[in-house]
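K.L.:
Quick one: this structure, given as structure tokens, is what I'll be asking you about.
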Amino acid sequence: GIVMIHTTGLTKRYGTFTAVNGITLHIPRGEIFGFLGPNGAGKTSTIMMLLGQSRPTAGTIRLFGEPFSPRRLDLRARIGVVPEKHPVGVWPWMTAREYLSLFADLYQVRGADARIGALLEKVDLERFRSKRIREFSRGMMQKLSIIRALLHDPDLLLLDEPISGLDPVGIKQ
């Protein structure tokens, strides 16, 4: 089967501090893989390199069997991301549906309205579709972020602290 993520000697240094030290990963399609470790262990730094948002100091990254660089927008478009922190301040006036429609347009999602509705329903946010994002709780923002990451049916889903702010029911959803 296809290898979704393959890194060799992936390293990230910030000055004299080594955040990620020579990680080699081989993650095939269909795997669920988690980074576990204390704060400062390099989990987010690794994800940022896999997303092309941070350049490795050393090492290589292959995604979907192809060499990856930040310029590979075709590969980046196949990834869904739930970041650790949500950019709430950017679109506080938008409703949940407007926010998701913006991303559906960016990703050219076919049947976007039906997809958005189905995903909102799945995480029990359908009744808040016309509510402004600034009124969302942290848990609601987390659910909205997960929907945004799934909208374009990505081949690879990267979640940074995915259950942060969610109650047990939200985690199960």
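The values are calculated or read from the model by the stated rules, or taken from the named source; none is laboratory data. Source: prediction; values computed, not measured. Every residue, glycine as well, gets a Cβ built from its backbone with ideal geometry; the counts of neighbours run over all protein chains shown. The protein model used for the area step is the full one, side chains on, heavy atoms only, and it has no ligands, DNA or RNA in it. Shrake-Rupley method; radii C 1.70, N 1.55, O 1.52, S 1.80 Å.
K.L.:
From the helices alone, meaning DSSP H stretches of at least four residues, give me the mean residue ellipticity at 222 nm for the chain, per-run term -39500 (n - 2.57), in deg cm²/dmol to the nearest 500.
P.N.:
Helix contribution divided over all residues of the chain: -8500 deg cm²/dmol.
K.L.:
Continuing with this model, one more query. What residue among R127, R13, R97 has the largest mean-square fluctuation in a Gaussian network model of the chain, using Cα springs under 10 Å?
P.N.:
R127
K.L.:
To continue, here is another question. Given axes a ≥ b ≥ c from the Cα gyration tensor, I'd like to know whether region 115-167 is rounded (a/c under 1.5), prolate (a/b larger than b/c) or oblate.
P.N.:
Because a/c hits 1.5 or more and a/b fails to exceed b/c, region 115-167 counts as oblate.
K.L.:
What's the magnitude of the charge dipole for region 109-173 around its Cα centre, counting Lys and Arg as +1 and Asp and Glu as -1 at the beta-carbon? Answer in Debye, nearest 20.
P.N.:
300 debye
K.L.:
Taking the chain, how many lysine pairs are there with alpha carbons less than 24 Å apart, if each pair must be eight or more places apart or span two chains?
P.N.:
So the count works out to 15.
K.L.:
Additional query: Return P(r) of the chain (all Cα-Cα pairs; 10 Å bins starting at 0; whole %; ordered from short to long distances).
P.N.:
Going out from 0 Å in 10 Å bins, the chain shows 9, 34, 34, 20, 3 percent.
K.L.:
Suppose all protein chains stay in the model; what accessible area per residue would a 1.4 Å probe give for the chain, in Å²? Before the final figure, lay out each step's value.
P.N.:
Details: 10060 Å² over 173 residues.
Roughly 58 Å² per residue, with all protein chains present.
K.L.:
Give me the Debye-computed log₁₀ of I(q)/I(0) at q = 0.16, 0.23, 0.25 Å⁻¹ for region 35-134, equal point scatterers on Cα only, no solvent, two decimals.
P.N.:
Result of the Debye calculation: -0.90, -1.19, -1.27.
K.L.:
For Y107, Y14, Y99, give the ranking by accessible area with the largest first, probe 1.4 Å.
P.N.:
Y14, Y107, Y99
K.L.:
Can you send over the carbon and sulfur percentage of the accessible area for region 115-173, probe radius 1.4 Å, protein chains only?
P.N.:
Accessible surface attributable to carbon and sulfur in region 115-173 totals 49 percent.
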